[in-house]
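Report on one structure; see the data block that follows.
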Amino acid sequence: MLTIKPSQLLELKGIDKRFPGVHALKSVDFELEGGECVALLGENGAGKSTLIKVMGGAHQADAGSLSVDGLVQNWIKPTDSLDAGVAIIYQEFNLVPGLSAAENVFLGIEPQDFGWVRKGEEKAKVREVFKRIGADINPDALCDRLTVAEKQLVEIAKALVREARILVMDEPSAALTKKEVEQLYLLIDDLKEKGIGIVYVSHRLEEIERVADRAIVMRDGARVGELSREELDRAKIIEMMVGRKLENEFPKEIRSPGEIRLSATKLNRGQKVKNISLNVRSGEILALTGLVGAGRTETVRLLFGADQPDSGDIELDGKKLILRKPSDAIEAGICLLTEDRKDQGLVLGQSIRDNFGLPNLKKFSNKGWINKSAEADSFSDYIEKLQIKVSGHLQLASQLSGGNQQKVVLAKWLERNAEILIFDEPTRGIDVGAKYEIYQWMNQLAKAGKGIIMISSELPEVLGMSDRILVMKEGELMGELTNGPNVTQETLMSLAIGEKVEQAA
């Protein structure tokens, strides 16, 4: 592979883009040189996704110009940008699950003789590029059998095989383990040394401080500033992104939890949940944490009726519950904001108003007829309360940013007036401004006497928002901690890997 000399690879000038009811991009400038990593930052709805889709040829700008190597481009489809050396690795991978890793890497550019694919050559080249990026992947492995990190490496291999010189990574670490993120950092360092320009989109500010040479910040569709490597300070980034100072990243309040609302006793389900007992009190935020595979999500799925336990009991306000399906839990007053809002929390092909109304049909219907006016009025109230950025009630859920999708999920459960709210990774993939708003709503719900369970892999979030903390490992409860000054990230990590700590109850 040829090493590319540093140069001005990509330049966007005055990019403007409108959608019905939304001015998504407002005369945005962006520059990228060879061998540098530029972070693209902003709140959800700031215009980041629209801008990278313009870079990738998925959207055409209404005004402005885009140049590669100083040559103005006029892309009308994604393959045009790829031919020019720009590869986009979206958060949702563009892979064919039923094809092998090698077949995905060479899809559309297979080495052929008279229509016959030269499989041996294809696999040899894939092994070579996998070795180059440190990927220990069998070229014959089907993509639907690969881990998230492996799928990401296949996407990067696709880009390198096509000799991409500009790599755009959209939330590349969202579903990676800490070890996999460290490997991603090393890969980015290596790609930069080879002169490849990288655009890095992430809400994890600690990653930006590690990988970025510069950061360009967007707000409300406009470029509002640029920060050099030396200026990549967390507080400064947040202030520029949200347009105001956040005095406290985690607005935790002092609470006095009341009586036990929800209790689970000796829950078991296969090897995923082993003899778990827990309780949640009125006005309390209970955090459930641990490493990937600890069994946190599997535990709350039992509390929500999505799975059935092999044994164990669940009670709400002293009454035993029989939860055969999620609707039983919803009827009892338990709701779940799922970890995967796109696949499990929303019906992406339906309007946001319909998504809001789904768990509340009984409230908005009479004799089989839905009162659309009442549904619309109620949804409008939540759009205002939660500051959901939408173009209208009939906008498809798939068209919203991640943070606004999360707010629609929250709105439907708030309307349901559930007593127990389970937040599974509530702020994954959303910006600091939207996070702050979610935290404030969690505080308000606790203040109103609701019981809250929060699953989080972000230890600062766990320490910043919870009253009590349960730490799990491989389906088992390793310890229970009352949150306080003596509880640190090191304390939680020690429990997560199976070490005993004195603070554990």
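Since every read-out is calculated from the coordinates, none of them should be taken as a lab result. Note that the coordinates shown come from a computational prediction; the quantities given were computed from them, not determined experimentally. In this analysis, Cβ positions are derived from the backbone assuming ideal geometry, glycine residues included, and neighbour counts consider all displayed protein chains.
Observations, loosely collected:
- Crossing angle, helix 402-416 versus the chain [Cα axis fit, 0-90 degrees, rounded to tens]: 20
- Helix-only CD estimate at 222 nm, as mean residue ellipticity for the chain, using -39500 (n - 2.57) per DSSP H run (n ≥ 4): -9500 deg cm²/dmol
- Within the chain, percent of DSSP bridges classed antiparallel, to nearest 5: 55
- Cα gyration tensor category, rounded, prolate or oblate, for region 70-115 with a/c compared to 1.5: oblate
- Cα shape, region 293-440, gyration tensor, a/c 1.5 rule: oblate
- Per residue convex hull volume, Cα atoms of the chain, in Å³: 172
- Computed E for Glu226/Asn268 - FRET, C-beta separation, R0 45 angstrom, nearest 0.05: 0.25
- Nearest-ten-degree value, helix 119-132 long axis tilted from longest Cα axis of the chain: 70
- Rounded to the nearest 20, the Cβ-based charge dipole of the chain about its Cα centre (Lys and Arg +1, Asp and Glu -1) stands at 1180 debye.
- Note on region 204-279: percent of Cα-Cα distances in each 10 Å bin, starting at 0 and stopping at the bin with the largest distance, equals 14, 27, 15, 17, 24, 3.
- Shape call, region 74-161: gyration tensor on alpha carbons, a/c limit 1.5: oblate
- Ranked packing of 187-193, 229-235, most packed first, by mean Cβ within 10 Å: 187-193, 229-235
- 0 to 90° range, to nearest 10: angle between helix 178-193 axis and the chain longest Cα axis: 20
- Centre separation in Å (Cα based) which lies between region 343-420 and region 465-502: 36
- Hypothetical label at Leu348: residues of region 65-109 whose amide nitrogen lies under 16 Å (7 Å Cα-Cβ projection): 89-97
- 13 Å reach of a label modelled at Glu480, 7 Å along Cα-to-Cβ, counting backbone N of region 449-464: none
- Applying Stokes-Einstein at 25 °C and 0.890 mPa s to the Kirkwood radius of region 337-376, computed over alpha-carbon pairs, gives a translational diffusion coefficient of 223 µm² s⁻¹.
- Placing a pseudo-label 7 Å from each Cα along the Cα-to-Cβ vector at Lys363 and Asp62 gives an inter-label distance of 3.6 nm.
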